[in-house]
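The values are calculated or read from the model by the stated rules, or taken from the named source; none is laboratory data. These numbers come from a predicted model, not from an experiment. Methodologically, a virtual Cβ is constructed for each residue, glycine included, from the backbone with ideal geometry; neighbour enumeration extends over all protein chains shown. Calculation scope for accessible area: heavy atoms of the full protein, side chains included, ligands and nucleic acids excluded. Shrake-Rupley method; radii C 1.70, N 1.55, O 1.52, S 1.80 Å.
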Amino acid sequence: QGDKKAIYAKYEELIAANPENYEMIIDYANELFNETHVSDVKERPADYNERVTKIEDLYKKALALKPDALEANLNLAKHYFNQALFIEEDANKIKSTKPEDVKKKDELKAKVVELCDKAIPPFEVVFNTLSAKDNLKLSEKSELKSACNNLAYCYDRKKDKAKSDFYQKKYDEIDNRK
C-alpha cells in the first residue's frame, strides 16, 4: 500500500506537469478504478468515497481531451455502474418495514437511478460506436456486450422497459455478429 501511495503521488505530479497527457490520465484513472472497485466491502479502501470522486474527475479530464475515446467512456460508465450495484446491494439488505428503513431504502434506490442516469450517456457512446462497426474484434464484442447488459440494467432501474428490452435484445444478438 505504501508503494501505491508513492505511485499515485507520482501520477499526480506528472499529470500536473502534463495536463494534456491523455494516456497518463487514463492509466492513473484505471489504476485507481481497479484498486477501488472491489466487490468485497471489507476489501474496499478506507478512502473509497474520495477515490470515487477522484476517478470520476480523471475520466472526465480524459474525455475532455478525447470525447470519443471508448476506453474512457466505457470505464467512466462502469465506474458509475459499479457504485450503483454496491448501493443497490445495500438497499436490498434492508428488510425492515419501519418507516425510517423504508425511507432509507427508497433513498438508496433513488441514488442507484441517479448513478444510472450518469452511466447511460458514456455506455451509449460505446454502444453506438461499436454497433456501427461491420466487424468486431473479440475484445470489442466483449465491450459491446458489457455496454448492452449494463444499459439494460440501468433502464430497468429507471423503469423504462422498452429501452431495457431493446438493449437486452441487442446483447442477445452480439454473438451472432461477425
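Within the accessible area of the chain, what % is carbon and sulfur when the probe is 1.4 Å and the other protein chains stay in place?
51
In whole Å, largest first, what are the principal axis extents of the Cα atoms in region 59-157?
53, 26, 16
For region 59-157, give the magnitude of the charge dipole about the Cα centre (Cβ charges: +1 Lys/Arg, -1 Asp/Glu; no others), in debye to the nearest 20.
Its charge dipole is roughly 180 debye.
How large is ³J(HN,Hα), in whole Hz, for each residue of region 111-128 in order, when computed from phi with the Karplus curve 6.51 cos²θ - 1.76 cosθ + 1.60 and θ = phi - 60°, using x for Gly and Pro?
So the J values, rounded to whole Hz, are 5, 4, 5, 4, 5, 4, 4, 6, 6, 4, x, x, 5, 5, 4, 4, 4, 5.
Find how many whole Å separate the alpha carbon centroid of region 132-153 from the alpha carbon centroid of region 5-75.
Spelled out, the Cα-based centre of one part sits 23 Å from the other.
Among (i) 14.9; (ii) 11.9; (iii) 10.9, which one is mean projected area of the Cα convex hull in nm² computed from these coordinates?
(ii)
For a label point 7 angstrom out from the Cα of N135 toward its Cβ, which stretches of region 156-178 have the backbone nitrogen within less than 12 Å?
Flagged as within label range: 178.
Give me the three principal axis extents of region 31-98 from the C-alpha atoms, as integers in angstrom, largest value leading.
48, 23, 16
With θ set to phi - 60° and the Karplus curve 6.51 cos²θ - 1.76 cosθ + 1.60, what are the ³J(HN,Hα) couplings of region 157-169 in order, to the nearest whole Hz, using x for Gly and Pro?
5, 8, 6, 10, 4, 4, 6, 4, 5, 4, 6, 5, 5
Excluding I55 itself, calculate the net charge of residues whose Cβ lies under 12 Å from the Cβ of I55, where each Lys or Arg counts +1 and each Asp or Glu counts -1.
Neighbourhood net charge equals -1.
Just checking the chain: which Cys have no other cysteine's beta-carbon under 4.7 Å?
Cysteines of the chain left without a disulfide-compatible partner: C148.
Do the sum for the chain: with -39,500 (n - 2.57) for every DSSP H run of n ≥ 4, divided by all residues, what is the mean residue ellipticity at 222 nm, to the nearest 500 deg cm²/dmol?
-27000 deg cm²/dmol
Take N176 and S96, extend 7 Å from each Cα along the Cα→Cβ direction, and tell me the distance between the two endpoints in nm.
Those two pseudo-labels are separated by 5.0 nm.
Show me, for region 132-146, the HN-Hα J-couplings you get by feeding each phi into the Karplus relation (A = 6.51, B = -1.76, C = 1.60, θ = phi - 60°), rounded to Hz, glycine and proline as x.
7, 7, 6, 10, 10, 5, 4, 5, 5, 4, 4, 5, 5, 4, 4
Would you mind working out the accessible area per residue for the chain, using a 1.4 Å probe, and quoting it in Å²?
58
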